[in-house]
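Below is one structure, written out as structure tokens, with a few remarks after it.
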Amino acid sequence: MMKQIKAPILPMELTKTADLNRLIQTDPYINGIHFHNCLIADHHEENIHFDGCIFENVEFAECEWENLDLLDCIFINSDLSNCKLLGGAIHRVEFRHCRMMGCDFSGSALVNITFTQSNARYANFSGTKLKHIHFDQSDLSLSSFNQSVFAHASFHECQLKEAEFINTPLKGLDLSTSEIEGITVNVEHLKGVTVSEMQALSLARLLGLIIR
């Protein structure tokens, strides 16, 4: 799975700055910038394009970006909690050790993305297309993947307790190393999902089986 995921392609040199406002006023196409130790707050923009950027120790507050174009970017130790990234095209992006509680990706297309040791409780992936995605040791409890489409996706040692997968086929997913207690899923969409023996016993209740 990891071999199939393409890593971000970054410029040889990046310019450090903390002033996103000035950049956006000049050009909504933002390329080769290293945002470091800064606060990005109260942004409500459409059609913003980030290309080849690093966000390190950045706090995003009250940000809503619609039709966001996010290409070849890395987020490190950043806080995107409750950010709205709606209807975006997100390609070759890594989220490392990020706080993403309630982050809203609904209606977006995510391709070649990794989430590593990140807290994405209550995150919303409803109506998203997730292709070549790897969630690694991340907390996705109470998150929503309703009416989403997975292609070549994997979850490794993740928390998926009480996550919702309503009207989302799980065929091809391997959930065997993750905690899935209390997940909500349509019975007909369980076909082809890989689970552990203990998980199978838990999911059997969804099928109305009585195990003795």
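Read the figures in this text as sums done on the coordinates, not as results from a lab. Everything numeric in this text was worked out from a predicted model, so none of it was measured. Don't worry about glycine lacking a Cβ; one is built from the backbone with ideal geometry, like all the others, and counts go over all protein chains shown.
Below are the figures for this structure:
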item: Hey, Ser126 under 20 Å from Arg99 (Cα atoms) and of a type in the set (S, T, N, Q) or not; result: yes
item: Subset of segment 97-153 that is assigned to a strand (DSSP E or B) and among the β-branched types (Val, Ile, Thr) - its residue that is nearest to Asp69 (Cα to Cα); result: Val111
item: Condition broken by Leu142, with the remaining ones in (1) farther than 23 Å from Ile5 by Cβ; (2) of a type in the set (A, V, I, L, M, F, W, C); (3) in contact with a Ser or Thr (Cβ under 8 Å, 6 or more places away or on another chain); (4) surrounded by 18 or more Cβ atoms within 10 Å (Cβ to Cβ) satisfied; result: (3)
item: Top-ranked residue in segment 54-81 [being of a type in the set (Phe, Trp, Tyr) and more than 15 Å from Ala109 (Cβ to Cβ); ranked as surrounded by the most Cβ atoms within 10 Å (Cβ to Cβ)]; result: Phe60
item: Matching residues in segment 154-193 - criterion: being surrounded by 18 or more Cβ atoms within 10 Å (Cβ to Cβ), farther than 20 Å from Arg121 by Cα and in contact (Cβ under 8 Å) with a residue 24 or more places away in the chain; result: none
item: Any chance Asn57 is within 15 Å of the chain's Cα centre (by Cα), part of a strand (DSSP E or B) and closer than 22 Å to Ile9 by Cα; result: no
item: Scan of segment 66-81 for residues that are part of a strand (DSSP E or B), among the aliphatic types (A, V, I, L, M) and under 20 Å from His44 (Cβ atoms), ordered by number; result: Leu70
item: Some residue of segment 84-92 being closer than 21 Å to Ile5 by Cβ, touching a residue at least 40 places away in the same chain (Cβ under 8 Å) and crowded, with 21+ Cβ neighbours inside 10 Å; result: yes
